[in-house]
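I have placed the structure first, in the form of C-alpha cells, so that the comments after it can refer back to it.
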Amino acid sequence: MKKLAMLCALMVVTSLNASQEMLKLMPATNKLVMLFDISRSLQIPLIAEGLDAANQDPQVQQFIKATGFSIKDCKKLAMSMDLNVSTGQPNEASAIMLVELNKSVDLDKIIAAGMKNNAAVKFQKQDVNGKSFYLLENKEMATPGMNELGMALVQDKLLAVGAPGAVKSQLGAQSSNNLTSNANLMKLLKGNAGVFTLAVDTSEQAAPVPGQQPSPLASVKGIALSGDMKEGDLFVNLNAECFQADQAAGLMFMYNMMVVPNLSSPQSPIKANELTAVADKSMVKVQLHLTKARLVEIQKQVEAMKQAQSLGASANQAPIGQNPLK
C-alpha cells in the first residue's frame, strides 16, 4: 500500500459533481472517501512548479517518452477505504482508487516501462471477467499484504489501483452497488466541493464505557474536510456532524475554552480572524482562510525555524576528532 499512499499524495486534488460516476463504482460499505480534481490542482502554481521540477528527473523523462503518459493525462481521482470506527484503524485490503484519464492508455506499456527502474517489483497479468488484471509484487517488502498492488482498466479511461482483492471486485461491480446506500457519507460530501474533499462516516461508534470519560469525538457522527485555493488564497472547511444538537453545543464550548485563547497568543501561527467556528443545529462548522500574503509569511516563518534548528544542531555537534562522550 506504500505505492498507493505515494500516488495519493502526489495527486492532491475534485468536486463531488465531477466524481459522481466514479463514486458509483465504490464499495457501499467503505467508511472513508477522498476526492481529488487533478486537473484543477495542476493550475495551482505551487503544485505546477513541483510537477515541473519532478519532470526534470531523467527517469521520469524516460518513462514519459516511452509511454506518452504523465500525471497531466490524469483528470480526476476518487479513493475509498473501510475502517474500524472504534480504533480508527484502516482496512488496507479494502483500499481502492479510481483515476479518470484524459485519454486511452496502453497499460501493458506503462507497467513495462515502470518495471525498468524497479527491479524489486514483479508483475503478473491475469484475466478477470474478461479484463486484464495486473498484480504487482515488491519482493523486498517482508510484510505480507503490504507488498502487493492491483491495477486494471475498469473501463476505457478509468484506471483502478489498490488492494488486489478490491481491484478485482471492481472488475465485476455493478453501478447499483454504490456509495449512495451510505446516506450519512453522501450527506457529508454534499456541499463540500473543493480542490480536495475527505469524508469519514463515524456513525457506527460503540457506546461509551460506563464510568469512563468519553472522547470528544464520541459524539461525532461524521466528519467532512475540504479545501480550495482561489487567486492564491487558501480556504479549508471542516464540518463535524454530531448525533445531537446539544453535543454540537458542547464541542463549541470546548472550542471557545481551549482553541480561541491560543489564537490570541503572539506565538500562534494562525490568527483569531483567520479561523471561525459556528454550531448549526447538530453540525459544527469550522473555516480557515489564509490570504496569499499570509501564506508567504507563514512559509518564511517555517523556513526561519528550519534554519534556526539547523544552526542549533551544528552548534551542538562535537568538533571532528573530539570524543563527544568526554
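The values are calculated or read from the model by the stated rules, or taken from the named source; none is laboratory data. Keep in mind that this is a model prediction, so the values were computed, not measured. Cβ sites come from the backbone with ideal geometry, for glycine too, and all protein chains shown count toward neighbours. Only protein heavy atoms, including side chains, enter the accessible area calculation; ligands, DNA and RNA are left aside. Shrake-Rupley method; radii C 1.70, N 1.55, O 1.52, S 1.80 Å.
Would you check which residues across region 232-264 are open to solvent by 40 Å² or more (accessible area, probe 1.4 Å) and not in a helix (DSSP H, G or I) and list them? Of everything in region 232-264, those that are open to solvent by 40 Å² or more (accessible area, probe 1.4 Å) and not in a helix (DSSP H, G or I) turn out to be L234, F235, N237, L238, F243, Q244, S264.
Kindly indicate whether any position in region 120-129 is open to solvent by less than 60 Å² (accessible area, probe 1.4 Å) and in a loop (DSSP other than H, G, I, E, B).
Step one: list which residues in region 120-129 are open to solvent by less than 60 Å² (accessible area, probe 1.4 Å), which gives 120-121, 126, 128.
Next cut, in a loop (DSSP other than H, G, I, E, B) only: 120.
Yes, because at least one residue in region 120-129 is open to solvent by less than 60 Å² (accessible area, probe 1.4 Å) and in a loop (DSSP other than H, G, I, E, B).
Does region 99-109 contain at least one residue that is assigned to a helix (DSSP H, G or I), surrounded by 16 or more Cβ atoms within 10 Å (Cβ to Cβ) and either at pLDDT 85 or above or outside the structural domain of F123 (by the TED database) (or both)?
Applying the first criterion (assigned to a helix (DSSP H, G or I)) to region 99-109 yields 107-109.
Retained after the next criterion (residues that are surrounded by 16 or more Cβ atoms within 10 Å (Cβ to Cβ)): 107.
Narrowing further to those that are either at pLDDT 85 or above or outside the structural domain of F123 (by the TED database) (or both): 107.
Yes, region 99-109 contains a residue that is assigned to a helix (DSSP H, G or I), surrounded by 16 or more Cβ atoms within 10 Å (Cβ to Cβ) and either at pLDDT 85 or above or outside the structural domain of F123 (by the TED database) (or both).
Looking only at residues of region 40-57 that are open to solvent by 80 Å² or more (accessible area, probe 1.4 Å) and part of a loop (DSSP other than H, G, I, E, B), we find that the one that is farthest from K75 (Cα to Cα) is Q56. In region 58-74, the residue that is farthest from the chain's Cα centre (by Cα) out of those that are surrounded by fewer than 18 Cβ atoms within 10 Å (Cβ to Cβ) and not in a helix (DSSP H, G or I) is G68.
A single entry from S132, S86 fulfils the requirement of being in contact with a helix residue (DSSP H, G or I) (Cβ under 8 Å, 6 or more places away or on another chain) and of a type in the set (S, T, Y): S132.
Taken together, M146, M141, M229, M186 contain a single residue that is aliphatic (A, V, I, L, M), open to solvent by 20 Å² or more (accessible area, probe 1.4 Å) and modelled with pLDDT of 75 or more, which is M229.
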